[in-house]
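The values are calculated or read from the model by the stated rules, or taken from the named source; none is laboratory data. Remember, predicted model here, so these are calculated numbers, not experimental data. Backbone-built Cβ (ideal geometry, glycine too); neighbour counts: all protein chains shown. Note: accessible area is taken over every heavy atom of the protein model, side chains too, but ligands, DNA and RNA are not part of it. Shrake-Rupley method; radii C 1.70, N 1.55, O 1.52, S 1.80 Å.
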Amino acid sequence: MTTPSAALDEPVERVARGWTAALSLANVAIWVGWYGPLQILLARQAEDFAPGTGMSKETLLAWVTGVGAVVSLAANPFFGALSDRTTASRGRRTPWIVAGAAGGALSLLLLAGADGLWLMTLGWCLVQLTLNASFAAVTAAVPDRVPRPQRGVVGGWLGAAQILGAVAGTGLATAAGGIAAGYVACAVFTVAGVLPYVLRHPDLRLAVADRPPWDGRSFVRGFWLSPRRHPDFGWAWLTRFLINLSNALVILYLLYYLRDRLRYDDPEQGVLILTAVNSVTLLATVVVGGVWSDRLGRRKPFVRWSGALMAAATALLAVWQTWAGAIVVAALLGLALGVFMSVDFALMTDVLPKALDRGKDLGVINIANALPQVAAPAVAAPIVTHLGGYRTLYLVAAVLGLAGAVLVGRIRSVD
């Protein structure tokens, strides 16, 4: 009889702080590669390239980020599924973390040299493709190695890593002194940030005997998880999608909102200030929320009330359109998002159907992160340009976020 791989066991031994810190730093690196371009660099390139395309800068940016998000939709679960089947001596996840970070850095360098819309689009799609390989593997490492009672706090540190990555990426893109230099800085950080984890922390190896035989049709069918057979998984996915869509609508046109609506003198600096305010308040709650959830053994109340606070803050942005209002909203969103990120991640790992498909199933869940990036431009562009502007946009975002907060109550297997 073949002994099952340790990689497929339900973890019971608590992970050390060094392991959590290294994995969190790898997560920072991935989010630097995403958010440096998304917050600053792509918007500046859209302004440069729009005059020759017949599109407004808003429409061009929406088109590029939307196409990239479509790539992300497929890439995350695909690479998650491949990592589930990987039997390399370095483990299931580590090879994909390395390959994804290296590919992401090269793709960012391609964006640095983009001289038009099509090369910009290609570069951003490759960034999404490669960094999603790393992100899928980093995310799957948590249910592989972290016992359930510790997932809230680990999820909190990963959530903190995401916002630190957004701040660092925005800061690098702003401080580098130009578009090309910003991309180079993000590329270097993306590679350097994953090295401590992959060099110092061995991964769990999947035995060849435990890898299921290859069947292309079954592989493709595996990406569909029936909400009827796995209702809690379905409700958890929908909750995350709606709240992330609400957040995506808020940040998509932030640079243009400051410039065109608030007439802020230095909108790029304004984005950095709001990101910093949001990050400080998020960091105040992201780990605390996860620790508190672990100690109480409860998830849903934290997700419900953090989602409701995010919706209320977004609605406030619709009626208080001043620089002071933007700062207050950034602070409130950070407080709520910190709790949501840590506890919702722990909730997601608690509803995964089976150990063999952790990477793939988390990839399907992560579609709820990527799909809003596709939907947000399609929703936001017509609202801003034809259906009421930023006030209507933020009211719609508030309603979507509130719906997500309410629907978490439909999950039954997790308190």
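What are the ³J(HN,Hα) values, in whole Hz, obtained from phi via the Karplus relation 6.51 cos²θ - 1.76 cosθ + 1.60 with θ = phi - 60°, for each residue of the range 163-178 in sequence order, with x given for Gly and Pro?
6, 5, x, 5, 5, 5, x, 5, x, 4, 5, 7, 7, 5, x, x
Go through the range 315-330 residue by residue and turn each phi into a ³J(HN,Hα) via Karplus (6.51, -1.76, 1.60, θ = phi - 60°); whole Hz please, and just put x for glycine and proline.
Once θ is set to phi - 60°, the couplings for the range 315-330 become 5, 4, 4, 6, 10, 10, 9, 9, 4, 4, x, 4, 5, 4, 5, 4 Hz.
On a full-extension model of 0.36 nm per residue, what is the gain between H386 and R229, subtracting their alpha-carbon distance, rounded to one decimal in nm?
52.4 nm
R0 = 30 Å: FRET efficiency of V188 with W305, Cβ-based, nearest 0.05?
Efficiency for this residue pair is about 0.15.
Let me cross-check D144: its accessible surface, 1.4 Å probe, with only protein heavy atoms counted, in Å² to the nearest 10?
Number for this one is 10 Å².
Applying a 10 Å radius around every beta-carbon, put 382-390, 282-290 in order of their mean neighbour count, most first.
Going by the mean number of other Cβ atoms within 10 Å, highest first, we get 282-290, 382-390.
Given only helices, namely DSSP H runs of n ≥ 4 each adding -39500 (n - 2.57), what is the per-residue ellipticity at 222 nm of the chain, to the nearest 500 deg cm²/dmol?
Helices in the chain give a 222 nm mean residue ellipticity of -25500 deg cm²/dmol.
Could you give the Stokes-Einstein D for the chain in µm² per second, using the C-alpha Kirkwood radius, 4 °C, 1.567 mPa s?
The calculation lands on 61 µm²/s.
Could you give me the ³J(HN,Hα) list for the range 256-261, computed from phi with Karplus coefficients 6.51, -1.76, 1.60 and θ = phi - 60°, whole Hz, x at Gly and Pro?
6, 4, 5, 6, 8, 9
For the range 1-140, with equal point scatterers placed on the C-alpha atoms only and solvent neglected, what are the log10 I(q)/I(0) values from the Debye formula at q = 0.14, 0.15, 0.16, 0.21 1/Å, to two decimals?
Debye curve over Cα of the range 1-140, log10 I(q)/I(0) at q = 0.14, 0.15, 0.16, 0.21 Å⁻¹: -0.70, -0.77, -0.84, -1.22.
At q = 0.12 Å⁻¹, work out log10 I(q)/I(0) for the range 57-196 with the Debye formula, treating every Cα as an identical point scatterer and leaving solvent out; two decimals please.
Each listed q maps to, in turn, -0.53.
Calculate the FRET efficiency for D265 and V406 from the Cβ-Cβ distance with a Förster distance of 30 Å, rounded to the nearest 0.05.
E between D265 and V406, to the nearest 0.05, is 0.15.
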